[in-house]
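Worksheet: one structure, shown below.
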Amino acid sequence: MVRLQKFLADAGVASRRAGEQIILDGRVSVNGQKVVLLGTKVDPDHDRVSLDGKTLNVSKKIYLALHKPTGCVCSHNDELGRPTIYELLPKEWGKVNSVGRLDYNSEGLIFLTNDGQFALRLTHPRYGVRKKYVATVEGEVTGEMLADFKRGVWHHGEKLQAQAARIVSANRNKSVVELELSEGKNREVRRLFESQNLAVKRLQRIQIGKIKLAELKPGRWRTLNETEIKTLISNI
């Protein structure tokens, strides 16, 4: 027996917290009876759970690592008609969702899953999962700038902060910098450098938790094994 909100999360409907509100809104039925009581338990093998009249099934959990190339978005549908990362996957995996996002011009490691709880635990700031990036920047990055990044800088009214940062190479024309972040704010790496009037020319995410991009080629994907999944969760 599992709690109804966990069943909804396992079915890929919503996170447990969002599932609670769906239950309270009276949208869920168990064996034909509307349920609005949080804490209700169901047997996934025998009970029939419906959302808005449509029967839900708990599908097999899928955990993927993808090397997102530049020139595609992390949405299922793009209003501008741009390519999406989902076009790189087999059609039968159409119900997975990206764990966080990389912007159109960024590349690197991204996870996809149909496990809402797994996604929440990797993206919510309270868990502080570290992500490592390599940024190629137009202009010279100094040690003083990186010290500011680690202390935290303000950009458009929001504090941005790197957990770690080091210069790989730097001259007056171009710098390569490695950074680790834990909060995942929108365009955070690019905005850190924008705060110093520097533009990022290339941005690649090379690691999430202990999982590295390694030799995975752009546009290619692989499944995460059980040990990797446990490692990601145990880091939290």
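Values quoted throughout were computed directly from the atomic coordinates according to the rules given, and no laboratory measurement underlies them. All of these numbers come straight from a predicted model, not from anything done at the bench. Ideal geometry is used to build each Cβ from the backbone, glycine not excepted, and the neighbour counts take in all protein chains shown.
When the Cα positions of Gly32, Asn173, Ser234 are compared along the charge dipole of the chain, Ser234 comes out farthest toward the positive end, with charges on each C-beta of Lys, Arg, Asp and Glu. Only the Cβ atoms of Lys and Arg (+1) and of Asp and Glu (-1) were treated as charged; on that basis the dipole of the chain about its Cα centre amounts to roughly 300 debye.
Computed over the chain with a Gaussian network model linking Cα atoms closer than 10 Å, the most mobile of Lys68, Lys34, Lys131 is Lys34.
What label, among [x] 20.5; [y] 21.4; [z] 19.6, belongs to Kirkwood radius over Cα pairs in Å computed from the structure on display? Of the listed options [x] 20.5; [y] 21.4; [z] 19.6, [z] comes from this structure. Taking amide H as placed 1.01 Å from N in the peptide plane, the amide H of Asn97 sits under 5 Å from that of Thr113, Asn114, each at least 5 places away or on another chain. Extension gain, Asp52-Arg166: 0.36 nm per intervening residue step, less the Cα-Cα distance, totals 35.9 nm.
Neighbours of Gly19 by Cβ distance under 11 Å: Lys/Arg scored +1, Asp/Glu scored -1, total +2. Here the calculated FRET efficiency for Val176 and Leu80, from their Cβ-Cβ distance with R0 = 45 Å, stands at 0.90, rounded to the nearest 0.05.
In a simple Cβ point-charge model (Lys, Arg +1; Asp, Glu -1; nothing else charged), the range 2-55 has a dipole of about 120 debye relative to its Cα centre.
Remark: the range 180-221 carries a charge dipole of roughly 220 debye about the Cα centre, counting +1 on each Lys and Arg Cβ and -1 on each Asp and Glu Cβ. Pairs of lysines in the range 22-179 whose Cα atoms sit within less than 20 Å of one another amount to 17, provided the residues are eight or more positions apart or on different chains.
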